[in-house]
Ligand code: SF4
C-alpha cells in the first residue's frame, strides 16, 4: 500500500519507518521535534523524536 505524503513535512530520512519512500516527505500528520542538548545552537542539535527505524527505501 502506498504511504501518504504530508507536504508540510519534508524529510530525507529514508531509513525511517514513517518516511513516504515515494518522495522526500513524512507520512505522518504531525511529528515531534526536540533536542538532545541543554542549549541548542545549530540544526544538528535538534532531532525528529517521531523517528522509528524501518526498512530503508530501496530506491534511495
Ligand atoms: S518521523 Fe521524522 S524522521 Fe521519520 S519520516 Fe517523519 S519527519 Fe522524517
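What's the total number of residues in region 21-52 that are in contact with a strand residue (DSSP E or B) (Cβ under 7 Å, 6 or more places away or on another chain) and either within 12 Å of the ligand (Cβ to nearest atom) or modelled with pLDDT under 95 (or both)?
Going through region 21-52, the residues in contact with a strand residue (DSSP E or B) (Cβ under 7 Å, 6 or more places away or on another chain) turn out to be 24-29, 31, 33-36, 40, 45-49, 51-52.
Next, from what is left, pick out any that are either within 12 Å of the ligand (Cβ to nearest atom) or modelled with pLDDT under 95 (or both): 24-29, 31, 33-34, 46-49, 51-52.
The qualifying residues number 15.
Every residue, every condition in (1) surrounded by 13 or more Cβ atoms within 10 Å (Cβ to Cβ); (2) not in a strand (DSSP E or B), yes or no:
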position: 8; (1), (2): no, no
position: 14; (1), (2): yes, yes
position: 23; (1), (2): no, yes
position: 30; (1), (2): no, yes
position: 37; (1), (2): no, yes
position: 44; (1), (2): no, yes
position: 55; (1), (2): no, yes
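The values are calculated or read from the model by the stated rules, or taken from the named source; none is laboratory data. A quick note: this is a predicted structure, and the numbers were derived from the prediction, not measured. Heads up, the Cβs are rebuilt from the backbone with ideal geometry, glycines too, and the neighbour counts pull from every protein chain shown.
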